[in-house]
Amino acid sequence: MASVFGIGTPGWSTVIAGRGRTLVIMAGGAVAEHNIVLTGFMGSGKSSVGSALAAALGRRFVDTDAVIVERHGPIQSIFAEHGEATFRTHERELADELADETALVISTGGGMLIDPAIAERFESSGRVFCLTASPATTIARVRADGIVDRPLLDTADPEARVAELLAERSEAYARFEAVPTDGRTVAEIVDDILVRIRG
């Protein structure tokens, strides 16, 4: 029998319908599959896990950073030429757009859901998971990916900056369902999330 739970919007409920399908029953009886949103610090694997999860569910995958780059140019250039505030504005606009869609798997930028308004917007139309990793794992992954592409780590001591940002964001990340990634493959993380959404 399907389990039902509220998602915070009056007149809406959510049904786990099996085979990875999570349906939102909206006011008036309309039915739509709700979004699955991944958040977490840079290097937590959101893009890799999101892409694989979307493939497993047969859904469209959206990487918010990639969309912003496509529309506004490289993130490092946005930071350098217009500042972080402009980048966050682009994130808020995109969040409003995506939250109005259904049946997406969305990988968000590491700081996107730190904004309470964006977090509430995504939570009202989907289920949010936070991918977690230890500081040591995070630093190793970010170094492997290339720190040059990370504007927030453009400092003399990127390791210290990672620790500082993780501490600053820990409370905001704690509001979401945590999915550990240390020592796990992408396939293992995807399987973990699939079990949760089908449970």
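The values are calculated or read from the model by the stated rules, or taken from the named source; none is laboratory data. No experiment lies behind these values; they were computed from the predicted model shown. Quick reminder, even Gly has a Cβ in these numbers, built from the backbone with ideal geometry, and neighbours come from all protein chains shown.
Overview of values
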| read-out | value |
| --- | --- |
| Scan of segment 124-138 for residues that are part of a helix (DSSP H, G or I) and either crowded, with 20+ Cβ neighbours inside 10 Å or in contact with a Leu (Cβ under 8 Å, 6 or more places away or on another chain) (or both), ordered by number | PRO135, THR138 |
| Qualifying residue in segment 87-105 (condition: closer than 19 Å to GLY45 by Cα, touching a helix residue (DSSP H, G or I) at 6+ places or on another chain (Cβ under 9 Å), modelled with pLDDT of 90 or more and not in a helix (DSSP H, G or I)) | yes |
| Given (1) under 15 Å from the mean Cα position of the chain (by Cα); (2) of a type in the set (S, T, N, Q); (3) at pLDDT below 95, index of the condition SER77 fails | (1) |
| Filter result for LEU38 (outside any helix (DSSP H, G or I) and either under 15 Å from the mean Cα position of the chain (by Cα) or touching a residue at least 60 places away in the same chain (Cβ under 8 Å) (or both)) | yes |
| Only one of ASP154, ASP145, ASP115, ASP149 that is acidic (Asp, Glu), modelled with pLDDT of 90 or more and surrounded by fewer than 19 Cβ atoms within 10 Å (Cβ to Cβ) | ASP115 |
